[in-house]
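Shown next, in structure tokens, is the structure this report addresses.
Every read-out reported here was derived from the displayed coordinates using simple, explicitly stated rules and does not represent laboratory data. If you're wondering where the values come from, they're calculated on a predicted model, not measured in any experiment. Positions of Cβ are generated from backbone atoms using ideal geometry, with glycine treated the same way; all protein chains shown enter the neighbour counts.
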Amino acid sequence: MGPTPTNEPSASRRDDLALRRTSLANERTLLAYVRTGIMLAASGVTLIKLPGSTPTDRTLAAGLLIGAVVVLLFGGRRFRQVKRSL
């Protein structure tokens, strides 16, 4: 009797599947950065729009908005770096 057949994919197929998984993980990570940036921006806008917001609230809101931009830029940059490396 010879070796038993296996259902394992070939090496090139495994490599292709691994690249696809990595690409999808990269997209999920980008979406997490976008989600975080949107939530930071929404929190900042909410602080500004609250009735009776103080200068401290506005300063915190500005920090949140700046943080949102930084997170979005960093996430986009990281996404492009990983995508190029694939």
| Mean projected area (nm²) of the alpha-carbon convex hull when the chain is viewed from all directions | 8.0 nm²
| query | In what sequence do Arg78, Arg84 fall when counting other Cβ within 10 Å, fewest first? | reply | Arg84, Arg78
| note | For the chain, longest principal axis from Cα atoms; helix 55-85 axis from its Cα atoms; angle between them, nearest 10 degrees, is 20 degrees
| Expressed in nm to one decimal, what extension gain is obtained for the pair Ala32 and Arg84 from 0.36 nm per residue of sequence separation less their Cα-Cα distance? | 16.8 nm
| query | Hey, what angle do you get for helix 11-49 against the long axis of the chain, alpha-carbon based, 0 to 90 degrees rounded to 10? | reply | 10 degrees
| note | Assertion target for Ser85, Ser23, ordered by fewest C-beta neighbours within 10 angstrom first, is Ser85, Ser23
